[in-house]
Amino acid sequence: MQLLLEKIRQQGIVLPNNVLKVDSFINHQMDPQLMKEIGKEFARRFQNEGVTKILTIESSGIAPAIMTALVMNVPVIFAKKRKPLTLTEHAYTSSVYSYTKQETNIISVSKDYLKSNDTVLIIDDFLANGEAALGLINIVNEAQAKVAGIGIVIEKSFQEGAKKITNKGYRLESLARIASLENGTVTFYHEHSL
Ligand code: 5GP
């Protein structure tokens, strides 16, 4: 997605430990026009999958997820990062290790909002080692619902997540694929393979 690649090139900041900071348009300040285009693009790519619900994880996945849900005209659920006491008996849960925060969260989704007849599109802002996406996949599987695919705004292709997801046979669609953040420079996958 050209608009997204340009934004990353212009405003992305490479931090130590292979972390890309995109606080000016995704993770702190948000660019609604860009989010709208992201939503349209995910909706286009998954339009034939029979999606009934979109699932993401708080908080940075919510903006791209809701824009996609708006175009696809389906509800969006965000997994909560701390298991609320009131949901103990009535929630699907999964354990997710956060690469950027170096902590483990139990994520949860109420059983009220995910049913076995749902076809679920999973959306998130970043894909690194795949922990968040695999945690969301676990939750969909626990609900005996179907995974339509995984839509990622920025995939760091040099980390393990993409391989883990596609090896399990899931459809993965990433709007920007980063091959390397070496020497403080963003190299996109298509540039890398030239
Ligand atoms: P994973 O679970 O795939 O290891 O990491 C994905 C999650 O970690 C995303 O939900 C995102 O919040 C965060 N994350 C991973 N890598 C980066 C990064 O380079 N930059 C930012 N801003 N977030 C990241």
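All of the numbers you see were taken from the coordinates with simple rules; none came from a lab. What you see is a predicted model; the values in this text were computed from it and never measured. For neighbour counting, all protein chains shown are included, and Cβ atoms are generated from backbone atoms with ideal geometry for every residue, glycine included.
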Computed over the chain, the relative contact order (Cα-Cα under 8 Å, seq sep at least six) in percent reads 18 percent
Net charge near residue 1, counting Lys/Arg +1 and Asp/Glu -1 over other residues with Cβ under 9 Å of its Cβ? -2
Using per-residue counts of other Cβ atoms within 10 Å, averaged over each peptide, order 34-41, 100-107 from highest down. 34-41, 100-107
Remind me, what semi-axes does segment 1-87 give for its equivalent ellipsoid, largest first in whole Å, using sqrt of 5 times each Cα gyration tensor eigenvalue? 24, 20, 10
Extreme residue, positive dipole direction of the chain, given options 166, 153, 19 (C-beta unit charges): 166
Pick from 140, 76, 22 the residue whose mean-square fluctuation is largest in a GNM of the chain, springs joining Cα atoms under 10 Å. 22
Per-selection Rg to Rh, segment 9-154 - Cα, Kirkwood hydrodynamic radius: 0.96
